[in-house]
Amino acid sequence: MPEAMVAARASEATNGTAQQVDVAVVGAGFAGLYLLHRLAKAGFTTVALEEADDVGGTWYWNRYPGARCDIQTIDYSYTFDPELERAWQWSEKYATQPEILRYLGFVADRYDLRRHIRFGTKVSAATWDEAAERWLLTTDNGAAVSCRYYIMATGCLSSPKPPEIDGVKDFNGEVYFTSRWPHEGVDLAGKRVAVIGTGSSGIQSIPMIAEQAAHLTVFQRTPNFALPAHNGPRPNDRLSLLDGDRAGYREQARWSMTGVPYPQQTAVSWQLSDAERRERFEQAWAAGDLVHVLTQLWADQGVDVDGNALVSKLIHEKIRAVVKDPDTAEALTPRDHPFGAKRPCLDTNYYATYNRPNVTLVNLRQEPIKEITTSGITTDKRSFDLDVIVFATGFDAMTGAIKAVHPITGRHGKSLSDVWSHGPQTYLGLTVAEFPNLFMITGPGSPSVLSNMAVSIEQHIDWVVDRLIALREAGFTTIEATETAQAGWAQHMADCATVTLHRLANTWYTGANVPGKAQGVMPYTGGVGPYRSICNEIVSRGMLGFRLTGPDVAEQCNDGEVVRLQPDVRLVLGMLADMNLPPIESLGAQGARDFLDEFNKGRPAGRPVGEIVDGTLPGNDGPLPYRLYRPATPGPHPIVVYFHGGGWVLGDEQSDDPFCRDMCRRSGMIFVSVGYRHAPWHRFPTAAEDGFAATRWIAEHVAELGGAPGPVLVAGWSAGGNIAAVTCQLARDRGGPEIAGQLLLNPVTDCAFDRPSYADNATGYFLTRSLMYWFWDLYCSPGDRTDPRVSPLRGKLEGLPPAFVVTSEFDPLRDEGIAYAEALAAAGVPVEQLNARGHFHCSFTMVDVIITGVSGRVRMAEALRRFAGLGDEAAVPIAVAAE
Ligand SMILES: Cc1cc2nc3c(=O)[nH]c(=O)nc-3n(C[C@H](O)[C@H](O)[C@H](O)COP(=O)(O)OP(=O)(O)OC[C@H]3O[C@@H](n4cnc5c(N)ncnc54)[C@H](O)[C@@H]3O)c2cc1C
């Protein structure tokens, strides 16, 4: 539609003349400013609408005493222009609000951005005009805006949460909100002040207010973790890293997990002694850096409740060491959420403030506020006379400012608030299906508040503006996420949320701070670098998940889900691809065995079990080694005979060590991992016969091994799963031993290679089709392959022990595993199946690497316990919830 007609329509709609632009931006904070710069440079006509009277966003509004950033300022800066970086020097490690506001003003002036901004203008509604393919934005001040693209840079933390307490209006004293602090400042000297709320703003402002006020009463509902900022000059260690290689430092930040360049920690907590852990913690505490404490102590601190509890305990000690009154110290000690699951705060003298005689802490868990009266605050137990009440009660985070533009009406008259009534649905946190040409910067579903937002904002804006340029060049005029892509993103978000501990806390990340708000982890928890790679992948795959249309070009829609792998599987496969390893089958059998040994040295050590015993047992042609894992719980325990993976060629009784340890802990059973003999030195049927012989011997020596009387169980992974399945058939046919159950993890069950999973997953998922061909060739001649001792699917299946069969979606062996489970069921064998979505062949054995594999191992342990008659509750509590 010609622009003139569009203008006419817009005018009709508003009864005035709508301002016509290519792109309308809402907000002039960190995001809005960079958007304007990029859009103007790219030649788009643009306007920004900003409710405030100046630029700055967060840093315009939040002027409370003590307001600062809590990401080091050298990291919390724009990085798009090296000249800008040279032109501006931060004075402190954590800059104050006035300095950050000056910086944003400096940026606005340097790039001449103010001319694009209509200040004092709030956008009140937005409507997609289907025919014109334009958005019409209604404002509370001046002309409406008609635009092709509507970009909400409205901020994650810009919509203050209204107080939930009755009577605020009746209070005769002064009322302030940290998020709307008066520009002229507030004189609190000699006054009786209350602060309600102990989130970040409360924790920053309380020490400053305590210094001025006659008396300060802090009303706390939930204590938060606070760490000393140790503010001061910019620290030399970080500065020299930045100055040494500015471009490299910035690039590392862009690909890091948090947007701050710190390496990935690899040491796990149980590998470190108490003294080593304490030393790491003290160093981090002294560093005064949130990201350092959140990521650099030990690898499992953010993903495992036990690893996390160790950090919490150390911080609890710090609180007790500072706060003199034990009751106050206890009230300030967070115990209801894992450290980091809720945003921890950086403080200056926060805990010490409670030692001042003019400060009182009121624990609202013990005495809730009843009402605000004309003269102060009344709790269940007492009344406080006050001159000033400060609300530090936070924000309707992430969705508040977006939904405050109401209605945002997309296709078919649908309102965004309705579409999001059960929680935000987005593709990438950037776009929403049925809301074409609408973008959100750092919207729900993007890393946003879980990152250094300066980095996330730049990434989003570069991605969006680059797309707009590409659309313009290709002649497209609309872009819209598909439902499939959006649903896939929701699934991926949910998968990511199972990895970290954020789901275990009720926080503003999950919407829990706002009564009636839909609950769920809103930010993307998969990390800044992985998120960036996903956005790039979408482009390289032809705008996957987007429908593009234009008046003179054919519609383009590559529909699909961008991430179907579990997030940690995706990371591991990406790392393996980056390593550019030679195909294992090209190394020769011994070379491949050596490679696996080397490879295994780099994995996290398995967790401690009660006892590990190495021994030998008599096999058919001489002794076979075994390794026994005994639980720490009082025995005797049932015994599981375990066969390792490795295609009958690789590995030994120790090569699945972390898996055996984990399963021993979770099942509360002894695992005896058998070192059967390998091809090509010992070909078919050696592995099968060794497996059977070992099982029989172990069954006959249960008492000697310290096991519980009764039948053994068998388990195995991959080729080991094959041996376990075959052992069950041989035991049935050869008069024992009795086997109580079989756990078959990604088993080889058949010699046919024509099932779809062999084609679907032929390459790219570590175990390749050609590697499987090689394993088969080394182990078994074509003439023998239909023998049930190597293709158990071709054997008789009646009368076998109950089975738990695990298959992985992205595994060449997937379909033969499923076929075996189905055939067992058809033969009347009790069988349970786990078809693990988004997993690959090694997902469950890469313990403490593939965190999303935990829920599967929990189910395996439960099945083994059921088979052994122990009840199905896992022996170790589930550290990470099931899928
Ligand atoms: C006290 C505090 C400290 C913080 N410290 C850090 C930190 O250390 N590190 C970090 O990474 N992040 C921090 N944040 C998060 C911070 O919000 C972001 O870093 C960043 O400033 C967000 O920029 P933005 O432009 O996306 O949004 P904002 O800065 O929030 O700007 C959004 C703007 O949009 C305007 N707006 C919203 N709705 C409308 C509408 N309907 N019409 C017109 N205008 C509208 C608002 O007035 C606002 O000016 C902090 C947040 C707070 C509150």
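The values are calculated or read from the model by the stated rules, or taken from the named source; none is laboratory data. Here the structure is a predicted model, which means the values were calculated and not measured. Every residue, glycine as well, gets a Cβ built from its backbone with ideal geometry; the counts of neighbours run over all protein chains shown. In case anyone asks, the SASA skips ligands and DNA or RNA and just uses the protein heavy atoms, side chains included. Shrake-Rupley method; radii C 1.70, N 1.55, O 1.52, S 1.80 Å.
If you check ILE372 against the conditions, is it touching a residue at least 40 places away in the same chain (Cβ under 8 Å) and either out of contact with any Gly (no Cβ under 8 Å at 6 or more places or on another chain) or more than 10 Å from the ligand (Cβ to nearest atom) (or both)?
Details: touching a residue at least 40 places away in the same chain (Cβ under 8 Å): yes; either out of contact with any Gly (no Cβ under 8 Å at 6 or more places or on another chain) or more than 10 Å from the ligand (Cβ to nearest atom) (or both): yes.
For ILE372, the condition - touching a residue at least 40 places away in the same chain (Cβ under 8 Å) and either out of contact with any Gly (no Cβ under 8 Å at 6 or more places or on another chain) or more than 10 Å from the ligand (Cβ to nearest atom) (or both) - is met.
For SER451, state whether it is in contact with a helix residue (DSSP H, G or I) (Cβ under 8 Å, 6 or more places away or on another chain), touching a residue at least 24 places away in the same chain (Cβ under 8 Å) and of a type outside the set (A, V, I, L, M).
yes
Does ASP81 satisfy the condition of being open to solvent by 10 Å² or more (accessible area, probe 1.4 Å), within 20 Å of GLY259 (Cα to Cα) and either without any contact (Cβ under 8 Å) to a residue 40 or more places away in the chain or of a type in the set (Asp, Glu) (or both)?
Here the answer is yes, as ASP81 does meet what is asked.
Among the residues in the range 53-65, are any of a type in the set (Gly, Ala, Ser) and surrounded by fewer than 21 Cβ atoms within 10 Å (Cβ to Cβ)?
Looking through the range 53-65, none of the residues is of a type in the set (Gly, Ala, Ser) and surrounded by fewer than 21 Cβ atoms within 10 Å (Cβ to Cβ).
Residues of the range 68-86 being within 14 Å of the ligand (Cβ to nearest atom) and either of a type outside the set (Phe, Trp, Tyr) or at pLDDT below 95 (or both), which ones?
Scanning the range 68-86 gives ARG68, CYS69, ASP70, ILE71, GLN72, THR73, ILE74, ASP75, SER77, THR79.
Can you tell me which residue within the range 29-52, out of those that are within 30 Å of PRO233 (Cβ to Cβ) and more than 6 Å from the ligand (Cβ to nearest atom), is surrounded by the most Cβ atoms within 10 Å (Cβ to Cβ)?
Once the filter is applied, the top-ranked residue is LEU33.
Which members of the range 14-28 meet the condition of being within 13 Å of the ligand (Cβ to nearest atom) and either surrounded by fewer than 24 Cβ atoms within 10 Å (Cβ to Cβ) or farther than 11 Å from TYR149 by Cβ (or both)?
Within the range 14-28, VAL26, GLY27, ALA28 meet the criteria.
Given the conditions (1) open to solvent by less than 30 Å² (accessible area, probe 1.4 Å); (2) over 23 Å from CYS780 (Cα atoms), which single one is not true for GLY646?
Looking at each condition in turn, GLY646 falls short on (2).
Say whether the condition of being part of a loop (DSSP other than H, G, I, E, B), of a type in the set (Val, Ile, Thr) and within 29 Å of LEU242 (Cα to Cα) is met by at least one residue in the range 78-89.
Within the range 78-89 (the criterion being part of a loop (DSSP other than H, G, I, E, B), of a type in the set (Val, Ile, Thr) and within 29 Å of LEU242 (Cα to Cα)), the answer is yes, since at least one residue qualifies.
Tell me, yes or no, whether the range 209-227 has at least one residue that is of a type outside the set (A, V, I, L, M), outside any loop (DSSP other than H, G, I, E, B), within 16 Å of the ligand (Cβ to nearest atom) and under 30 Å from GLY443 (Cα atoms).
Scanning the range 209-227, I find no residue that is of a type outside the set (A, V, I, L, M), outside any loop (DSSP other than H, G, I, E, B), within 16 Å of the ligand (Cβ to nearest atom) and under 30 Å from GLY443 (Cα atoms), so the answer is no.
So which strands (runs of 3 or more DSSP E) are wholly in the range 597-650 and hold at least 1 residues that are within 20 Å of LEU745 (Cα to Cα) and not acidic (Asp, Glu)?
The qualifying strands (runs of 3 or more DSSP E) are 622-630, 639-643.
Checking VAL539 against (1) open to solvent by less than 10 Å² (accessible area, probe 1.4 Å); (2) within 22 Å of TYR149 (Cβ to Cβ): exactly one of these is not met. Which one?
The single condition VAL539 does not satisfy is (1).
Could you tell me how many of the residues in the range 379-422 are polar (S, T, N, Q), at pLDDT 95 or above and open to solvent by 60 Å² or more (accessible area, probe 1.4 Å)?
Total satisfying the criteria: 1.
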